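*Asks:* Take a look at this one; I'll ask things after.
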Amino acid sequence: MLSRRMKKLITVTLVLVLIVLAAWGLIRMLPQGFSTDLSLVGAGERAVVLVHDHNFVESVELMEALDGVRQRHPEAMHYLVADLNTPRGTRFADLYDVDAVTLILFDQHGNRVATLRGRQGRDEVEAWLQDNLPPY
């Protein structure tokens, strides 16, 4: 028979394992090449930030559209994600007064250049970037 202390230890261990697995699963949902390091905004290179909530189909579709553009122009800028399911992502969205399914383009100094809201396809995202960036 397990002691009360041992049962508690097993329960805590299982909870920690589940938390780690959930975090790993969320990280794996991001396509390769996207970062959640929002400190890169204004760090000397242009950045586009996807304000994202994986619970919204439109947000997932916008991420896929941006991923298609990113694959064609991987060196053009930082491709970042502000995940609204994290405190850091929520603070970012509050700071820039945006919701999920939004792209924000920043210059290399961290100045907001343009915002694109709502459902967009790859062609619309590409056109928006071309309209707001110097040529690749």
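We did not get these values from a lab; they are worked out from the coordinates using the rules stated. The model shown is predicted, which means the values in this text are computed figures rather than measured ones. When we count neighbours, we look across all protein chains shown, and the Cβ atoms used for this are built from the backbone with ideal geometry, even at glycine.
*Asks:* So for the pair LEU95, LEU16, with labels modelled 7 Å out along Cα→Cβ, what separation do we get in nm?
*Replies:* Result: 3.2 nm between the two label points.
*Asks:* Need the full-extension length gain, ARG117 to HIS73, defined as separation in residues times 0.36 nm minus the C-alpha distance. One decimal, nm.
*Replies:* Working: separation 44, 0.36 × 44 = 15.84 nm, distance 2.13 nm.
Value of the extension gain: 13.7 nm.
*Asks:* Between GLU124 and ALA43, what FRET efficiency comes out of the Förster formula 1/(1 + (r/R0)^6) with R0 = 25 Å and r the beta carbon distance, rounded to 0.05?
*Replies:* On the way: r = 27 Å, r/R0 = 1.09.
So, using R0 = 25 Å, E works out to roughly 0.35.
*Asks:* So what is the calculated 222 nm ellipticity per residue for the chain, using -39500 (n - 2.57) for each DSSP H run with n of 4 or more, over all residues, to the nearest 500 deg cm²/dmol?
*Replies:* On the way: 4 runs with 63 residues, N = 136.
The helix-only estimate for the chain comes to -15500 deg cm²/dmol at 222 nm.
*Asks:* With an 8 Å cut-off on Cα pairs and a minimum separation of 6 or more residues, tell me the relative contact order of the chain in percent.
*Replies:* Numbers: 183 pairs, mean separation 38.6, N = 136.
For the chain, the relative contact order is 28 percent.
*Asks:* Looking at the chain, what % of its DSSP beta bridges pair antiparallel, to the nearest 5? Intermediate values should be presented prior to the final figure.
*Replies:* On the way: 10 of 17 bridges.
Once the DSSP bridges in the chain are tallied, antiparallel ones form about 60 percent.
*Asks:* As an exercise, take the mean of 1/r over every pair of distinct alpha carbons in the chain, invert it, and state the Kirkwood radius in angstroms.
*Replies:* That comes to 16.2 Å for the chain.
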